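Only one structure is covered here, and it is reproduced in the block below.
The values are calculated or read from the model by the stated rules, or taken from the named source; none is laboratory data. Keep in mind the model is a prediction, meaning the values are calculated, not measured. FYI the Cβ positions are ideal-geometry reconstructions off the backbone, even for glycines, and counts take in every protein chain you see. Calculation scope for accessible area: heavy atoms of the full protein, side chains included, ligands and nucleic acids excluded. Shrake-Rupley method; radii C 1.70, N 1.55, O 1.52, S 1.80 Å.
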Amino acid sequence: MSMTGSSAYCVAHAFPPFFRLSNKTMFLLSTPPTTFLPTPTTPRVPLLSSTASSSSTSSSSSSSISLRSSTAPSPSCSSVTPKDNSLVSAKHSHPNMSASVSSRTFLNARSEQDVFAGIKKEVEAGSLPANVAAGMQEVYNNYKNAVIQSGDPKANEIVLSNMIALLDRVFLDVTDPFVFQPHHKAKREPFDYYVFGQNYIRPLVDFKNSYVGNMPLFIEMEEKLKQGHNIILMSNHQTEADPAVIALLLEARLPYIAENLTYVAGDRVITDPLSKPFSIGRNLICVYSKKHMLDDPALVEMKRTANIRALKEMAMLLRNGSQIVWIAPSGGRDRPEAQTREWVPAPFDISSVDNMRRLVEHSGPPGHVYPLAILCHDIMPPPLKVEKEIGEKRIISFHGAGISVAPAISFSQATATCENPEKAKDVFTKALYDSVTEQYNVLKSAIHGKKGFEASTPVVSLSQPWK
């Protein structure tokens, strides 16, 4: 909530949607690889992207793998301007709102002034809620400042193109809201929400000061997926941009994992108007976070029922094998410690870890649980305190980021000396959390401590696989 080449044509015509150029993606939480079927190709028009990164999707070590990955976006903007029927909403889902001044308000924008004039026009027409309009303006300004901070000579073009795409998708959802199912498959056509999200976040990542820990283990994961195994990533969670950051740091070498990771997502990223377009582009299992379970007492039972349904969906889908799933057992994003102001991974919830562990063990195919650390809070930090209301203030920056994975942890081996089941649950959770914290500290030393590759340890070997 997530791109190579640029051309004045893209901005001049303000037509940023991506259309499928390759075969339909086979989603990891869907059917086994053998059921993958090709579909007709359609031209795809890329947005502008930062030139600071050399991490554009390219051929990789995974090119020979039988698990299929979609083709990377075209490196330059096409002169083709295919029509996207989803841009024109048939009718409003909000009966109190009048007809939109123009369903192409943002796509027709040629400048920043046009964008802000369009926001004002839609508010006056009653088509755009004032609070959403204010969020649009805030995000535009913050995103612009961050991309300019990157020093990219095409910063203004990138901002205009990517913000037009975002605001158009937000406005489309306001007029015709997208409803997520418990198991949501990334929407890749006719508009490619995945590539849109990658394009939007890529200019915010300082790839020169970003790192991946233990790349060979990520390659090992892909081999296990090829063999039909399930992979679970137990991770800390820092920002709404986590999925895009993970994908951006892996896409050059492991595009299949980057595109097909499935995320266990809280309800806020599928209800906030400014988050939804990014969420639509990811494979999700949608749940209600424990941190917000009691926000409205009248909805507690509904939320619990929905979470049980999501777990059942997960159990059924894991039986297919070749699933790779990311989950944050903390139940929410990390926050800085009150006294030290230092960011640290939030504690893992024992029951969340155990529920996921049992789902994998009883799914049938072999399963592996890996501890994953992510550091990217500088790019889009959450509010310092957990907020109940939807529509948080979004601070955006250009900064280095990092991910790292450690060897899979076996429940039976980690808990071999435990005297009772409850103690075993605690020990396994602690082993995962301690590993995530250790890896996080290495990433922190490399990125915040400016040590770069010298921050590597015998446990975490840092690299930049996009080079």
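Just a few scattered comments:
- Candidate cross-link partners of LYS312 among the aspartates and glutamates, defined by an alpha-carbon separation under 20 Å and a same-chain spacing of 8 or more, comprise ASP267, GLU301, ASP349, ASP354, GLU361.
- Heavy-atom accessible area, probed at 1.4 angstrom with all protein chains present, ranks LYS444, LYS430 as LYS430, LYS444, highest first.
- The antiparallel fraction among DSSP beta bridges confined to region 179-333 stands at about 15%.
- Dipole moment magnitude, nearest 20 debye, region 183-249 about Cα centre, only Lys, Arg, Asp, Glu C-beta charged: 120
- Global form of region 175-250, assessed from the alpha-carbon gyration tensor, a/c cut-off 1.5: oblate
- Estimated FRET transfer efficiency when R0 is 30 angstrom, pair SER351-LYS226 (beta carbons, to 0.05): 0.40
- Partner aspartates and glutamates whose Cα lies under 14 Å from the Cα of LYS467, excluding those fewer than 8 positions away in the same chain, are identified as ASP206, GLU251.
- Restraint check, LYS154/LYS444; LYS226/LYS425; LYS185/LYS276, Cα-Cα greater than 18 Å: LYS154/LYS444; LYS226/LYS425
- Gyration tensor (alpha-carbon) shape descriptor, region 146-294, a/c threshold 1.5: oblate
- Of the peptides 110-119, 161-170, the order by per-residue mean of other Cβ atoms within 10 Å, starting with the highest, comes out as 161-170, 110-119.
- Mean projection area, nm², convex hull over Cα of region 104-177: 4.6
- Qualifying aspartates and glutamates (Cα of each under 15 Å from Cα of LYS187; at least 8 residues distant if same chain): ASP84, ASP173, GLU259
- Accessible solvent surface per residue of region 104-177, calculated while the other protein chains remain in place, 1.4 angstrom probe, Å²: 37
- Between the residues GLY400, LEU372, VAL264, the greatest Cα displacement towards the positive end of the dipole of region 179-463, with unit charges on the Cβ of Lys, Arg, Asp and Glu, is found for VAL264.
- When only Cα pairs below 8 angstrom with a gap of at least 6 residues are kept, region 104-177 shows a relative contact order of 39 percent.
- Full extension of the chain segment joining ASN420 with GLU138 gains 96.3 nm, where the gain is 0.36 nm per residue of separation less the Cα-Cα distance.
- Shape call, region 179-463: gyration tensor on alpha carbons, a/c limit 1.5: rounded
- Sequence of TYR140, TYR288 from largest to smallest accessible area, 1.4 Å probe: TYR288, TYR140
- The modelled label-to-label distance between LYS450 and ARG319, using points 7 Å beyond Cα along the C-beta direction, is 5.6 nm.
- Beta bridges per DSSP with both ends in region 179-463, % antiparallel, nearest 5: 30
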